[in-house]
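**Q** Below is a structure I'd like to ask you about.
What follows is calculated from the coordinates using simple rules that are stated; it is not laboratory data. No experiment lies behind these values; they were computed from the predicted model shown. Backbone-built Cβ (ideal geometry, glycine too); neighbour counts: all protein chains shown.
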Amino acid sequence: MVTMSTSPPESPKKYHHGNLRDTLITAALPILEAQGPDKISLREVARTVNVSPNAPYKHFPTKEEFLAALATKGFQQLEHLLAPAKDLTTGCETYISFALNNPNLYQLMFSPILAANCHGSELEQASISAYKTLLKHFNTENPNDPRALHAWALIHGIATLRINGLLSHPVPFAEIAKTQLFHSDQLK
């Protein structure tokens, strides 16, 4: 005798995330490094975390918003790494290491496309907060302090040159930090 089941067939289980937005960002960072910002797709990231292709669009309506969230995460990571730096030399070396270890993320963080639309955003706040970690080495809270601006421009330039393969050797930050460029009493 054949018995028939009266219970409905089991449906496939759907994966549920407690915080899908953060999960997508975390999953996207290695993809960003492997492929770059032009080739990363929300659909691919959705596949990686086992959610429907449309699920990311609830948190990121556009790719630009998604990229801005990745850049925000990058500034937060950079700030976290710079915060314990005891001096300018260590801060500079940490900054360069971050850039070299995350070249696509680093370049995305300073993308002119994102910068044009970030006023008042979480991205702008994260970038300001990361910059303030540099200011502490000059005993100032003034974001226009010439020493801080010079230091940031210098290390950003070095990081970009290193990423682009135009500067292959390490830079002696301990010596650079001693130069008059970083001493306000000699800046007029």
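**Q** Where does region 17-61 land on Rg(C-alpha)/(2.2 N^0.38 Å)?
**A** Expressed relative to 2.2 N^0.38 Å, the Cα Rg reads 1.04.
**Q** Separate question: Give me H137, H169 sorted ascending by neighbouring Cβ count inside 10 Å, so fewest comes first.
**A** Arranged by neighbour count, lowest to highest, H137, H169 become H169, H137.
**Q** Another question, if that's okay. Pop the C-beta distance of H150 and R43 into the FRET formula with R0 = 41 Å and round what comes out to the nearest 0.05.
**A** That gives a FRET efficiency of 0.40.
**Q** On the Cα set of region 31-138, report Rg and Dmax in Å, please.
**A** 15.1, 49
**Q** Next up: So how much slack lies between K63 and L161, counting 0.36 nm per residue of separation and subtracting their Cα-Cα distance, in nm?
**A** Gain on stretching K63 to L161: 32.5 nm.
**Q** Beyond 25 Å, what percent of the Cα pairs of the chain remain?
**A** 46
**Q** Continuing with this model, one more query. Counting pairs of alpha carbon atoms under 8 Å apart in space and at least six apart in sequence, what relative contact order in percent does the chain give?
**A** 19
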